[in-house]
Amino acid sequence: MTPYRMLIDGQLVEGARTIPVIDPSTGESFADAHVADETQLDEAVAAAARAFPGWASTSWQKRRECLLRFALRLDEEADYFARLLVREQGKPLSEARFEVDATVRGIRFYADIELKVEIRDHPTGPYEVERQPLGVVAGITPWNFPMILASNKYAPALIAGNTVVLKPAPTTPLTTLELGRLAADVFPRGVLNIVADDNDLGARLTGHPDVAKVSFTGSTITGKAVMRSAVEDMKRVTLELGGNDPAIVLQDADIEAAARGLAATVFLNAGQVCAAPKRLYIAEEVYEEFQERFVAATREIRLGAGDEEGVTLGPVQNRMQFDKVRALIEEAAKSGTVLTGGHVANRPGFFVEPTIVADLSDEARLVTDEQFGPVVPLLRFTDERDAIARANQGSFGLGASIWTRDLKRARLLARGISAGSVWINQHTAIHPDIPFGGVKQSGLGSEGGMEGVHEYTRLQVVNAAA
């Protein structure tokens, strides 16, 4: 069997051409992926449209059975998928295994959600409220978590009765394409279609007249383009976009726990996490202690290829992001103080040392922009209200965290932060059964939980007179 083919209308097919896939730990190609042309993309959408009436009328029990069989197959090949994920994405093997396992758990969670008819009372008589599927869903995923972010789209969409056309990022297509191999004889023909591209078919997919909804995870700039393309047909959209998450460490925090907890999440997946802490505000009274402990925890991180023993930080995923992060570090080093790191590793691939920069102004690009890499600024504050105001600056509002021993105080402060999620004494605590989404330019709608399933439905009221 030729690997890395696409799934269209229940068949594994070759694309119009292939593109090389780069191993970010070497900077060299290690595989080829088949990619679609416009005709094949249209075929995938048409297949999903044909399959929709039958899948929508299929019982919840049968849809659940298909998803659970699919999850089982992925679970049985978890080690293979984790190792392939390391090669195409770059993350350490332990993180890749976690992502695959979390994907399996997420599919199983969504498979158990049944959308039942709700009967409501009214003075004129009872009426029924039901959630109906939308039709063909286009799921477009980024390169930082290609497996779990895809499952956050196709699993709730499918259990709700929609059909799906899934398109992965061009730099990490392989694990998604391999899902097609698992799915080919699990789902009825056309229910799940997987097509890859060379970053040239996104607009055609999101603007396709037979697509009823677009679920996109990626940059805010691209998210705005998705919104524009959806206007003509009034498509539903769910957008999980950029984030520049603040973390606020209060005077009474457990400093060791805060330093280690933030080091673990700041540099998770080489900092390429939409909801990672990306700017740290530290109370003046504990700033020096936190800085010392945070630097110490960061220096324990081991940089290397994801399949090397003991590695906890892999390379940046692609050349474009690598160049962006390197430029941000060089700029920050001119006006701030580099406490550790600050260099590109002297080896092939896209490796950047975990980097901490102090003494930057709030106007520095490393503070105002989403770096999406292994570099973070430390910022002082003397007043909690000032910290909250500074945390709310900017156009993003995805996540935030507060670190303190006073949970009551933290909950009050959390309500003053403009973010879709505020975590206390933790960060990036994202689970499939908890809704997750942003405010401002960090997105629209939710993924996760019952709310995430509702995103793939429309309300229908049935109101009968006696």
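All other residues whose Cβ lies under 11 angstrom from that of Pro126 are scored, Lys and Arg at +1 and Asp and Glu at -1, for a net of -2. For the chain, the solvent-accessible area of protein heavy atoms averages 41 Å² per residue (probe radius 1.4 Å; ligands and nucleic acids excluded).
Relative to the present Cα-Cα distance, how much length would full extension add between Met450 and Asp433 at 0.36 nm per residue of separation?
On the way: separation 17, 0.36 × 17 = 6.12 nm, distance 0.73 nm.
Taking 0.36 nm per residue and subtracting the Cα distance, the gain is 5.4 nm.
All other residues whose Cβ lies under 12 angstrom from that of Ala44 are scored, Lys and Arg at +1 and Asp and Glu at -1, for a net of -3.
So, in Å, what gap is there between the alpha-carbon centers of the stretch 31-55 and the stretch 409-432? About 39 Å separates the Cα centre of the stretch 31-55 from the one of the stretch 409-432.
DSSP finds beta bridges in the chain, and of those with both partners inside it, around 40 percent are antiparallel.
Would you calculate, for the chain, the mean residue ellipticity at 222 nm contributed by helices, counting each DSSP H stretch of 4 or more residues as -39,500 (n - 2.57) and dividing by all residues, to the nearest 500? Each step should come with its number before you reach the end.
Working: 15 runs with 174 residues, N = 466.
My calculation for the chain gives -11500 deg cm²/dmol from helical runs alone.
Compute the signed sum of charges (Lys and Arg +1, Asp and Glu -1) over the other residues within less than 14 Å, Cβ to Cβ, of Arg390.
Numbers: positive: Lys278, Arg279, Arg380, Arg385; negative: Asp245, Glu284, Asp362, Glu363, Asp383, Glu384, Asp386.
Overall, the nearby charge balance is -3.
Using a probe radius of 1.4 angstrom, the carbon and sulfur fraction of the accessible surface of the chain is 50%.
The values are calculated or read from the model by the stated rules, or taken from the named source; none is laboratory data. Nothing here was measured: the structure is a model prediction, and the numbers come from that model. Using ideal geometry, Cβ is built from the backbone for each residue, glycine included, and neighbour counts are taken over all protein chains shown. SASA here: full protein model, heavy atoms, side chains in, ligands and nucleic acids out. Shrake-Rupley method; radii C 1.70, N 1.55, O 1.52, S 1.80 Å.
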